[in-house]
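Here is the structure we will look at, set down as structure tokens.
The values are calculated or read from the model by the stated rules, or taken from the named source; none is laboratory data. Computed from a predicted structure; not experimentally measured. Neighbour counts run over all protein chains shown; Cβ positions are idealised from the backbone, glycine included. For accessibility, only protein heavy atoms count, side chains too; no ligands or nucleic acids. Shrake-Rupley method; radii C 1.70, N 1.55, O 1.52, S 1.80 Å.
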Amino acid sequence: MSSPKWLPSWLFYDSAGSRLFEEITRIPEYYVTRTERAILAERAGEIVSRAAGENSLRLVELGAGSADKTRLLLSAAVERQDTVFYEPVDVSASALVEAQMRIEDEIPGVLVCPRVEDYTHDLELDATLPTERRLVLYIGSSIGNFEPGESLMLLERVRAALDPGDCLLLGVDLAKDESVLQTAYDDAAGVTAAFNRNLLVRLNRELDADFHPETFAHRAVWNATESRMEMHLVSETKQTVWLPAIDLRVNFEAGESIHTENSYKYTVESLEELLQRGGFAVEQTWTDSRGWFAVSLGMII
Ligand code: AVI
């Protein structure tokens, strides 16, 4: 048992967790999704033509599509060319089927070619025509949930799957006033708390554990040294939890925490440095008027 205790944040995303995350994206305090959407709504045409140059564009998305944000870029691409190939890459076949139906239904001219792949381990893309360029989307601040070394490895893996002229659009949340971050990760309606505790509900169901999720308090903490928001579940009592499926008993002191998530916050400089270290030349970075979120376009040269 490691000390301090931690659980990997990918465990959040069972079907209930994915629904709760969707709900988080709509709560007033969670500015992340709507701020990135506003940047893309204003800049989609510019981003697409910058990435395409004189060529036609094929969009690849890491993850099964961030709904209306992806739609903005696809619509901008369809305005430039009659048919746009869109390849969402995800481990979940059902999420891909859902994205395919939604996108093909809503944006005539987009042909969806889903790829069931774990892009955090491997990424293989089809060869493109000489007149085509790829634009890979990794938006939604998803990279923020990886440790710095993992983020770099992920970019290097993406780069290895691309050719000169291909681009990556990376969306990250920027470091800002602590109180804004604090309320975004600990909202008044308790949706983020439910999202965090759902991890224990999942362990109860899948590993037959006997966590009492209501005895764990949701804590969101700004770690300025590491430039990240942390989420924790803090045991309110001294207790022992049993996970029979893996024959494990875990003791908690009152006040002891399980660290469940890191959400790294960048600066424009650290974002551009990450892209460069990952092998991309920075073409342009766009932010919103408050400087809360950034999307940056990197190209392989
Ligand atoms: C998915 N990811 C970008 C979210 C974030 O902001 O780090 C997950 C999240 N955790 C709490 N609220 C939202």
Next item on the list: Take the alpha carbon atoms of the range 1-54, find their radius of gyration, then divide it by 2.2 N^0.38 Å using N residues; give the quotient.
Entry: 1.76
Check: Rg (Å, one decimal) plus Dmax (Å, integer) for the alpha carbons of the chain?
Finding: 20.2, 64
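Rounded to a whole number, what % of the accessible area of the range 100-172 do carbon and sulfur atoms account for, probe 1.4 Å? Display every interim value, and only then the final one.
On the way: 1770 of 3330 Å².
Looking at the range 100-172 in its full context, I get 53 percent from C and S.
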Check: Calculated from DSSP H runs of 4 or more alone, at -39500 (n - 2.57) each and per residue, what is the 222 nm mean residue ellipticity of the chain, nearest 500?
Finding: -11000 deg cm²/dmol
Margin query: Accessible area per residue for the range 1-113 in Å², computed with a 1.4 Å probe and the full protein assembly in place, what is it?
Written below: 48
Item checked: Cα gyration tensor, the range 1-141 - rounded (a/c under 1.5), prolate or oblate -> prolate
Check: Of all DSSP beta bridges in the chain, what percent run antiparallel (nearest 5)?
Finding: 60
Check: If the cut-off is a Cα-Cα distance under 25 Å, which lysines reach residue 265, setting aside same-chain residues fewer than 8 apart in sequence?
Finding: 5, 69, 176
Check: In a Debye calculation with equal point scatterers on the alpha-carbon sites of the range 218-301 and no solvent, what is log10 I(q)/I(0) at q = 0.11, 0.25, 0.27 Å⁻¹?
Finding: -0.54, -1.19, -1.22
Notebook entry, point to check: Given the Cα-Cα distance of residue 242 and residue 223 and 0.36 nm per residue of separation, how much length would full extension add, in nm?
Noted result: 3.8 nm
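Taking every pair of Cα atoms in the range 162-291, average 1/r, invert it to obtain the Kirkwood radius, and report Rg/Rh to two decimals.
Looking at the range 162-291, the ratio lands at 1.11.
Can you give the accessible area per residue of the range 176-274, in Å², using a 1.4 Å probe?
On a per-residue basis, 47 Å².
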Note to self: I'd like the antiparallel share, as a percent to the nearest 5, of DSSP beta bridges with both residues in the range 1-133.
What the structure shows: 10
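Working out 0.36 nm times the residue gap between residue 153 and residue 3, then minus their Cα-Cα distance, what length gain in nm do you get to one decimal?
51.4 nm
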Notebook entry, point to check: Which residue, 278, 63, 53, has the most motion in a Gaussian network model of the chain that connects Cα atoms within less than 10 Å?
Noted result: 53
Check: Which semi-axes, in whole Å and largest first, does the equivalent ellipsoid of the range 37-106 have when worked out from the alpha carbon gyration tensor as the square roots of 5 times its eigenvalues?
Finding: 21, 13, 11
Next item on the list: Tally up the carbon and sulfur contribution to the accessible surface of the range 188-231 as a whole percent, 1.4 Å probe, everything protein left in place.
Entry: 50
Checklist line | For the range 241-301 versus the range 1-71, the gap between their alpha-carbon centres in whole angstrom | finding: 13
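Please report, as a whole percent, how much of the solvent-accessible surface of the range 232-301 comes from carbon and sulfur atoms (probe radius 1.4 Å). Please report the intermediate quantities before stating the final value.
On the way: 1600 of 3270 Å².
Reported share for carbon and sulfur atoms: 49 percent.
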Note to self: Quick check: residue separation of residue 80 and residue 68 times 0.36 nm, minus the Cα distance between them. What number comes out in nm?
What the structure shows: 2.4 nm
Item checked: residue 284/residue 101 FRET efficiency (R0 30 Å; Cβ-Cβ; nearest 0.05) -> 0.35
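Is the range 154-233 rounded, prolate or oblate when judged by the Cα gyration tensor, a ≥ b ≥ c being the square roots of its eigenvalues, rounded requiring a/c under 1.5 and prolate requiring a/b larger than b/c?
oblate
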Check: Taking R0 as 22 Å, what's the FRET efficiency between residue 38 and residue 177 from their Cβ-Cβ distance, rounded to 0.05?
Finding: 0.75
Check: Taking springs between alpha-carbon atoms closer than 10 angstrom, which of 132, 273, 106 fluctuates most in the Gaussian network model of the chain?
Finding: 106
Next item on the list: Treating the angle as unsigned and between 0 and 90°, give the value, to the nearest 10°, between the Cα long axis of helix 268-277 and the longest Cα principal axis of the chain.
Entry: 70
Check: Taking the Cα atoms only, what angle lies between the long axis of helix 148-160 and the longest principal axis of the chain, rounded to 10 degrees?
Finding: 30
Note to self: Just to make sure I understand: if all protein chains stay in place, what is the order of 212, 121, 259, 218 by accessible area at 1.4 Å, largest first?
What the structure shows: 121, 212, 259, 218
